[in-house]
Amino acid sequence: MYATIAVKDLRELFREGRLLWSGALIVALMLVALAAGWNRQAQVNSERAAGQALDYEAWLQQGPRHPHDAAEQGMHVFKPEPPLASFDPGIEPFVGSTVWLQAHRQSELKFRPAQDATGLQRFGELSPAWIIQVLLPLLLIIIGFNAVSAERERGTLRQLLSIGVSTRSLLLGKAAALAGCAAILTLPLGLAFSIFILARLPAAERLDVVYRMAWLAVGYGAYLGFYIFLTLAVSALARSSRTALVLLLGFWVAATLIAPRAASEASNLLYPTPSRLEFTDHLSHEMSEAADKAWHNHFGVKTQWDSSLPLSKWGAALKVDDEAGYGVLDATFGKLWDTFESQQRLQQLVGIIAPVIALRDFSMGIAGTDFSQHRDFSAAAEAQRRKIQDIVSQDLIDHADPLGNAHFTYKAETALWATVPQFRYALPTVSFALAHHWPALVLLAMTFVLAVTLARYGLSRPLMR
């Protein structure tokens, strides 16, 4: 019976034209977003791969040079963009992609695409994920707000129930009709996009991306299911179709446009982020204190680079100085990143009343464009920087000038540069993403169940009247 109801509703939706016009707009925007995302990703990956290779080649070819001068120049490493970033760019445009591995200090990521964005782009990036998160629920509301209320206004709802059509069949039939509309608009493009992405990937990476796509389908399915059953519930509970439309549009505005911004501001109030100046001053002060203590313990001097320290010990001093800063860098950057994660967890809780927040968190995580994977890359880049520092300092220790007056004239041979391995970063697997974002999926499941329960209650009311 529910299949008959679903087919009847679908025919009516096509006949009315609401689905055709609004669906055509959604499909057109989706095509533009997919094309723009793929073009940007292809360009970005090409530039980053070329930059990574050229920078390492310049490191290898720098010729005889004092090791510390080479460490001061350092090298750059580039974060590879995940394959599904063209679907959901997440925080990628705002956090940068390149780290300068320089001596003494951990660097933040640079070259944020958002810095070069136009004014209009700063309102939000058009991506397939954004269209499904924001516009597709609006479409479901527009085509489904009178799915039950119109039947009641025409008197056909009571007739259907009186001839033995169960509320379960009625609910499933109308939900299947709305789900069919969403599937018609998204599945063909989704399948084409999946095949296109998988065909361009190396065989070793395909299985992980397939798992990611499957989890994305689960998350987005629960989210759209929530809006389908919420629309049916409000349509059943409201006194008229007009009231149902007003209520649903009000919820959509509050849940998708206002709640995310309010949650972001509230999380920043409860877990304030230090300004760049405060962060830099605190880091410099802590590193200076740690270095003075380490220099005093190892060499008996009061300050860094004390003139009483023989130049023959400057290699060892560099190693001590670097290692003294490692703990401070870990603690300071760790505290900053923990603050970001606390803000994120607080925003997740708002997902119980604004599912778009939970979906956005889950989608970014599975696509590999969230903060946890950004933090993982930053930690890998810092490990590479410390590897360079350790190699350089050890070379200065091994070639300490016994006369104490030729430290700065020492030149390392080219072979030293080749002992620094090329930076290779492997993107975390889907299990890493699930370990960080399973609460968001649980929230999506809870909101889905709540919407189904409310819809069942709403459709049972005509029998009780």
Margin query: Can you go through Ala71, Ala117, Ala129 and tell me which one is touching a helix residue (DSSP H, G or I) at 6+ places or on another chain (Cβ under 9 Å), farther than 30 Å from Gly23 by Cα and either crowded, with 18+ Cβ neighbours inside 10 Å or at pLDDT below 85 (or both)?
Written below: Ala71
Next item on the list: Test Ala24 against the criterion of being open to solvent by 40 Å² or more (accessible area, probe 1.4 Å) and either among the small types (Gly, Ala, Ser) or under 30 Å from Ser169 (Cα atoms) (or both), and give yes or no.
Entry: yes
Checklist line | Hey, Ala3 surrounded by fewer than 16 Cβ atoms within 10 Å (Cβ to Cβ), touching a residue at least 60 places away in the same chain (Cβ under 8 Å) and not polar (S, T, N, Q) or not | finding: yes
Check: Somewhere in region 394-401, is a residue closer than 15 Å to Gln133 by Cα, among the polar types (S, T, N, Q) and assigned to a helix (DSSP H, G or I)?
Finding: no
Check: Of all the helices (runs of 4 or more DSSP H) wholly in region 205-324, which have at least 1 residues that are at pLDDT below 85?
Finding: 276-299
Note to self: Restricting to region 304-349, and then to whatever is among the aromatic types (Phe, Trp, Tyr) and either under 30 Å from the mean Cα position of the chain (by Cα) or open to solvent by less than 20 Å² (accessible area, probe 1.4 Å) (or both), can you tell me which residue is farthest from Ser393 (Cα to Cα)?
What the structure shows: Phe340
Notebook entry, point to check: When the residues of region 350-393 are filtered to those that are surrounded by fewer than 22 Cβ atoms within 10 Å (Cβ to Cβ) and not in a helix (DSSP H, G or I), which remaining residue is modelled with the lowest pLDDT?
Noted result: Ile352
Item checked: Pairs where the first residue, in region 18-44, is of a type in the set (Phe, Trp, Tyr) and the second is open to solvent by 60 Å² or more (accessible area, probe 1.4 Å) and at pLDDT 85 or above, C-beta under 9 Å, 6+ apart -> Trp38/Phe196
Margin query: Restricting to region 134-154, give me the number of residues that are open to solvent by 30 Å² or more (accessible area, probe 1.4 Å) and either outside any helix (DSSP H, G or I) or without any contact (Cβ under 8 Å) to a residue 60 or more places away in the chain (or both).
Written below: 3
Check: Could you say whether any residue in region 222-241 is open to solvent by 50 Å² or more (accessible area, probe 1.4 Å) and either in contact with a Cys (Cβ under 9 Å, 6 or more places away or on another chain) or of a type in the set (A, V, I, L, M) (or both)?
Finding: yes
Next item on the list: Would you point out which residue out of Ala85, Ala58 is closer than 22 Å to Ala204 by Cα, among the small types (Gly, Ala, Ser) and touching a residue at least 12 places away in the same chain (Cβ under 8 Å)?
Entry: Ala85
Checklist line | region 174-198 residues that are in contact (Cβ under 8 Å) with a residue 12 or more places away in the chain and more than 13 Å from Val27 (Cβ to Cβ), paired with ones that are hydroxyl-bearing (Ser, Thr, Tyr) and open to solvent by 20 Å² or more (accessible area, probe 1.4 Å) (beta carbon under 9 Å, 6 or more apart) | finding: Lys174/Tyr2; Ala175/Tyr2; Ala176/Tyr2
Item checked: Number of the exception - Ala49 against (1) aliphatic (A, V, I, L, M); (2) open to solvent by 20 Å² or more (accessible area, probe 1.4 Å); (3) in contact with a Pro (Cβ under 9 Å, 6 or more places away or on another chain); (4) touching a residue at least 40 places away in the same chain (Cβ under 8 Å) -> (4)
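The values are calculated or read from the model by the stated rules, or taken from the named source; none is laboratory data. Note that the structure is predicted; figures quoted are calculated from it, not measured. As a convention, Cβ positions derive from the backbone with ideal geometry for all residues, glycine included, and neighbour counts pool all protein chains shown. Surface areas here come from the heavy atoms of the whole protein model, side chains and all, with no ligands, DNA or RNA. Shrake-Rupley method; radii C 1.70, N 1.55, O 1.52, S 1.80 Å.
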